[in-house]
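Working notes, beginning with the structure itself.
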Amino acid sequence: MTPSIAPPGMSTKDAQELVAQVAELERTQLAEDVEGFAALFDEHAVWITGGGRRLVGRAAIAAFTREVLPGAFVTGSVRYDVAHIRFITEDVALTSVDQEYLTTDGQPVSPRQEGRPTYVWHRRDGRWLIASGQNTAVPSGEE
């Protein structure tokens with residue numbers, strides 16, 4: 001999927017870096033790499049989990065992830081596709097992601113389970129980090 005980018009004329013390189021960071025988010029989850037996952041977040045990030053739990057700070061995000069990530073993908077996997085990138089400034093961007101849960105052979109689970117996570121990224125020392133994330137489930141049968 002090629003994401004839409006706003007406003008027009010923003011850096012293609014930055015957009016590619018953000019898509020790569022979302023791919024790294026997916027990779028670390030599937031690999032159950034808690035430390036790699038947590039490293040994608042800013043030290044003071046805020047993350048709202050798919051269950052609605054608010055986590056403040058990389059340490060809290062890492063602690064929660066250590067509880068839920070190991071074994072989470074034994075019976076399946078997940079796919080992330082960046083649908084839209086909105087540059088708020090040159091160093092702050094939002095990614096809107098389509099998330100789909102899959103069986104171990106890569107097929108959509110039944111009933112279908114999808115999410116629409118949104119991440120606000122900021123560039124620090126040349127690297128994009130998540131400042132805020134909201135993981136929202138899509139009710140069954142809706143898009």
Flag for Asp105 being surrounded by 15 or more Cβ atoms within 10 Å (Cβ to Cβ), on the phi < 0 side of the Ramachandran plot and not in a helix (DSSP H, G or I):
no
Listing of helices (runs of 4 or more DSSP H) fully contained in the range 1-95 that carry 2 or more residues being open to solvent by 50 Å² or more (accessible area, probe 1.4 Å), under 16 Å from Arg127 (Cβ atoms) and small (Gly, Ala, Ser):
12-30
Spot the failing condition for Glu35; the list is (1) among the acidic types (Asp, Glu); (2) at pLDDT 90 or above; (3) more than 20 Å from Ala23 (Cα to Cα), and only one is missed.
(3)
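The values are calculated or read from the model by the stated rules, or taken from the named source; none is laboratory data. Keep in mind it's a predicted model, so treat the numbers as computed, not measured. Cβ sites come from the backbone with ideal geometry, for glycine too, and all protein chains shown count toward neighbours. Areas reflect the complete protein model, heavy atoms only, side chains present, ligands, DNA and RNA absent. Shrake-Rupley method; radii C 1.70, N 1.55, O 1.52, S 1.80 Å.
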